[in-house]
């Protein structure tokens, strides 16, 4: 059984992670082709919440349509749309953390490409 501290330590040990003013971890993934993608990791009692922005200042309809093929949920914070996912940590192993982070980064970048940018 993993603790939240063990999960956060694993992420900090295996990725370049910056702690934001809000206490989240901010990671920048290289997704290939000179493109990067931001991921934010927020820890809760028995889970981590991961999110990656893909667009801002667009309509909700356009954002949801662009992300309709994603495995992840869509969330709006202010003017920014993000793909997000919740990972329970009770019996998590390292491969589940890495798979979730990598897949989220790749899919958020794929959605972001539809808008012709690399802002996140």
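Extending 7 Å from the Cα toward the beta-carbon at both residue 79 and residue 61 defines two label points whose distance is 2.1 nm.
Mind pulling the angle between the C-alpha long axis of helix 4-14 and the longest principal axis of the chain? Nearest 10 degrees, somewhere in 0 to 90. So the helix axis and the longest Cα principal axis differ by about 70 degrees.
Suppose the Debye formula is applied to equal point scatterers at every Cα of region 53-120; what is log10 I(q)/I(0) at q = 0.15, 0.25 Å⁻¹? After summing over all Cα pairs, the log10 values are -0.48, -1.06.
How many nm is it between the label spots at residue 6 and residue 21, if each spot is 7 Å from the Cα in line with the beta carbon? Inter-label distance under the simple model: 3.5 nm. Taking 18, 96, 45 as the candidate residues, the one with maximal mean-square fluctuation in a Gaussian network model of the chain, Cα springs under 10 Å, is 45. Between 73, 32, 100, the GNM of the chain built on Cα springs shorter than 10 angstrom shows 32 fluctuating the most.
The modelled label-to-label distance for the pair residue 102/residue 68, using points 7 Å beyond Cα in the direction of Cβ, is 3.0 nm. For the chain, the longest principal axis of the C-alpha atoms and the axis of helix 94-113 are separated by about 10°. Comparing 94, 66, 105 in a Gaussian network model of the chain (Cα springs below 10 Å), the most mobile by mean-square fluctuation is 94. For the chain, adding -39500 (n - 2.57) for each run of n ≥ 4 DSSP H residues and dividing by the number of residues yields -10000 deg cm²/dmol at 222 nm.
Since every read-out is calculated from the coordinates, none of them should be taken as a lab result. This one's a predicted model, so the numbers in the text were calculated from it and none came from an experiment. Backbone-built Cβ (ideal geometry, glycine too); neighbour counts: all protein chains shown.
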